[in-house]
Amino acid sequence: MLASNLDKRKYKKICIIDSNAKVGQKIKVSGGSKCNITNEFVTKNNYLGDREFVQELLKQFTKDDLLNFLNRNGVNPKINPKIVKGTYFCNSSQDVIDMFLKLTSHIKKYLNTVVVDLDFDKHFKIKTNSNNIIEAKKVVVASGGLSYAALGATSIAFDIAKKFGHTIEKLEPALVGFTVQKEQFWFKNLSGVSMPVHTFVEGKKFEGSLLFAHKGCTGPVILTSSLYWKKGKMAIDFLPNKKIENLLKGNKKVSTALPFAKRFTSEFLNSLNIEDKAICDLKANEIKEIEKLKNYEFAPAGNFGYTKAEVTKGGISTDEINHKNFESLKQKGLYFIGECLNITGELGGFNFQIAFSLAFVCAKNI
């Protein structure tokens with residue numbers, strides 16, 4: 001995105017260095033290969049990190065600016081709210097990659113090339129795995145975070161930032177599933193079962209689909225919750241928009257009265273050591289336990305790690321980069337954009353939007 005928007009008259013000699021054999025491999029796998037590229041409802045509140053910085057960015061290159069840019073270049077995303085409300089998906093991720101290949105056809109690309117170090121002595125010297133040294137007056141680091149090592153993700157952005165004196169805010173996997181503690185091992189027995197829920201974490205509420213997994217739980221609503229979860233408890237409402245007291249009446253068995261797959265109700269009741277019997281035969285304390293379905297509190301044991309995480313939260317402090325063009329305040333000519341910065345979006349196209357906003361603004365002001 002940055003290379004596509006650089007002024008050709010001003011910059012005659014540009015190169016892109018990519019560790020993969022083909023460009024845009026993270027774009028390729030995004031959104032189930034349909035590239036969830038932005039969101040109708042994008043605001044600063046969809047991000048973790050410096051929200052004022054995000055707000056300024058989104059003013060300079062809005063989701064409408066991104067959609068216009070894509071439309072002009074033959075890519076026409078459409079809203080598909082199936083996973084997250086307001087998410088724009090493309091017909092195919094390959095359409096986005098083909099667009100960028102066309103827009104950067106004049107730019108030299110070093111593919112299968114891993115950056116191992118960056119030095120500065122009057123100008124930059126980029127050291128690569130092939131013992132090549134690429135020399136440059138300006139360097140833009142847009143190499144992402146630690147997620148998706150299979151697609152070439154490394155710590156190089158953070159290594160370079162540290163080398164030039166930058167602060168790295170704590171790095172953690174984000175948009176990732178949760179592992180569970182012993183009390184929630186019943187989740188594992190439901191692996192493959194999906195259901196709509198509301199989650200509550202750090203004062204925020206999210207709605208969407210939860211998917212039970214053999215390690216714990218995942219699914220869109222859990223991925224977004226993971227962005228804000230720190231340590232300790234969060235809660236799930238397994239009966240969104242329903243009043244449980246209206247369900248726990250009469251002579252029906254619990255598994256019949258509750259609107260769940262029998263498998264779910266059975267595992268839930270087993271976890272509480274409650275027999276599946278007629279509601280009228282339940283003791284007061286058993287009803288109280290079942291009512292926890294509306295506010296099921298648990299403390300995740302941890303998460304599935306970087307190999308399963310869609311993004312990395314934390315990163316290079318935005319206090320140490322110029323907010324107009326993202327140049328390092330520690331080293332002239334060195335710029336940082338994208339996921340390596342301490343800005344992380346929720347699931348639903350928010351991370352692509354901020355990455356493209358950063359790239360566009362950087363290209364215009366570099």
Enumerated strands (runs of 3 or more DSSP E) restricted to region 133-223, each holding at least 2 residues that are hydroxyl-bearing (S, T, Y) and in contact with a strand residue (DSSP E or B) (Cβ under 8 Å, 6 or more places away or on another chain): 194-201
With respect to A149, determine if the residue is at pLDDT below 95 and of a type outside the set (D, E, K, R). yes
Take region 343-366 and flag every residue that is outside any helix (DSSP H, G or I) and surrounded by fewer than 22 Cβ atoms within 10 Å (Cβ to Cβ). I366
Every residue from region 1-15 that is in a loop (DSSP other than H, G, I, E, B) and of a type in the set (A, V, I, L, M): M1, L6, I14
Scanning region 305-315 residue by residue, those open to solvent by less than 30 Å² (accessible area, probe 1.4 Å) and in a loop (DSSP other than H, G, I, E, B) turn out to be G305, A309
Would you please list the contacts, defined by Cβ atoms under 6 Å and residues six or more apart or on different chains, that run from a residue in region 107-135 that is β-branched (V, I, T) to a residue that is open to solvent by less than 90 Å² (accessible area, probe 1.4 Å) and assigned to a loop (DSSP other than H, G, I, E, B)? I107/I14; V114/S19; V114/N129; V116/N129; T128/T113
Being farther than 14 Å from E286 by Cβ, open to solvent by 30 Å² or more (accessible area, probe 1.4 Å) and part of a helix (DSSP H, G or I) is the filter here, so list the residues in region 248-275 that pass it. T256, K262, R263, S266, E267
So which residues in region 238-247 are open to solvent by 40 Å² or more (accessible area, probe 1.4 Å) and either in a loop (DSSP other than H, G, I, E, B) or among the acidic types (D, E) (or both), if there are any at all? N241, K242, K243, E245
For region 320-366, what are the residues that are charged (D, E, K, R) and touching a helix residue (DSSP H, G or I) at 6+ places or on another chain (Cβ under 9 Å)? E320, K324, E327, K330, E339, E346, K364
Taking region 93-121 on its own, how many of its residues are in contact with an Asp or Glu (Cβ under 9 Å, 6 or more places away or on another chain) and hydroxyl-bearing (S, T, Y)? 2
Among the residues of region 277-304, what is the count of those that are open to solvent by less than 50 Å² (accessible area, probe 1.4 Å), without any contact (Cβ under 8 Å) to a residue 60 or more places away in the chain and assigned to a loop (DSSP other than H, G, I, E, B)? 2
Return a yes/no flag: does region 160-172 have any residue that is of a type outside the set (F, W, Y), open to solvent by less than 40 Å² (accessible area, probe 1.4 Å), in contact (Cβ under 8 Å) with a residue 40 or more places away in the chain and within 30 Å of S266 (Cα to Cα). no
Under 8 Å between Cβ atoms, at least 6 apart or on separate chains: pull out the pairs that start in region 339-360 with a residue that is on the phi > 0 side of the Ramachandran plot and end on any residue that is assigned to a helix (DSSP H, G or I) and among the β-branched types (V, I, T). G348/T224
Selected residue (criterion: nearest to the chain's Cα centre (by Cα)) from residues of region 45-82 that are of a type in the set (V, I, T) and crowded, with 16+ Cβ neighbours inside 10 Å: V54
Output the number of the condition that K324 fails; it satisfies all remaining conditions of (1) more than 28 Å from the chain's Cα centre (by Cα); (2) loosely packed, with under 15 Cβ neighbours inside 10 Å; (3) part of a loop (DSSP other than H, G, I, E, B). (1)
With (1) touching an Asp or Glu at 6+ places or on another chain (Cβ under 9 Å); (2) farther than 30 Å from G203 by Cβ as the list, and K12 as the residue in question, which single condition is left unmet? (1)
Hey, can you tell me all the residues within region 90-122 that are of a type outside the set (D, E, K, R), in contact with a strand residue (DSSP E or B) (Cβ under 8 Å, 6 or more places away or on another chain) and not in a loop (DSSP other than H, G, I, E, B)? V96, Y110, V115, V116, L118, F120
Among L151, L210, L175, the single one that is without any contact (Cβ under 8 Å) to a residue 40 or more places away in the chain, within 24 Å of F350 (Cβ to Cβ) and either among the hydrophobic types (A, V, I, L, M, F, W, C) or open to solvent by less than 60 Å² (accessible area, probe 1.4 Å) (or both) is L210
Can you name the number of the only condition in (1) in contact with a Phe, Trp or Tyr (Cβ under 8 Å, 6 or more places away or on another chain); (2) assigned to a strand (DSSP E or B); (3) farther than 21 Å from A299 by Cβ that A235 fails? (3)
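The values are calculated or read from the model by the stated rules, or taken from the named source; none is laboratory data. The structure displayed is predicted, hence computed values, not measured ones. No Cβ is skipped: glycine too gets one built from the backbone with ideal geometry, and neighbour counts run over all protein chains shown. Please note that ligands, DNA and RNA were not included when accessible areas were found on the heavy atoms of the full protein model with its side chains. Shrake-Rupley method; radii C 1.70, N 1.55, O 1.52, S 1.80 Å.
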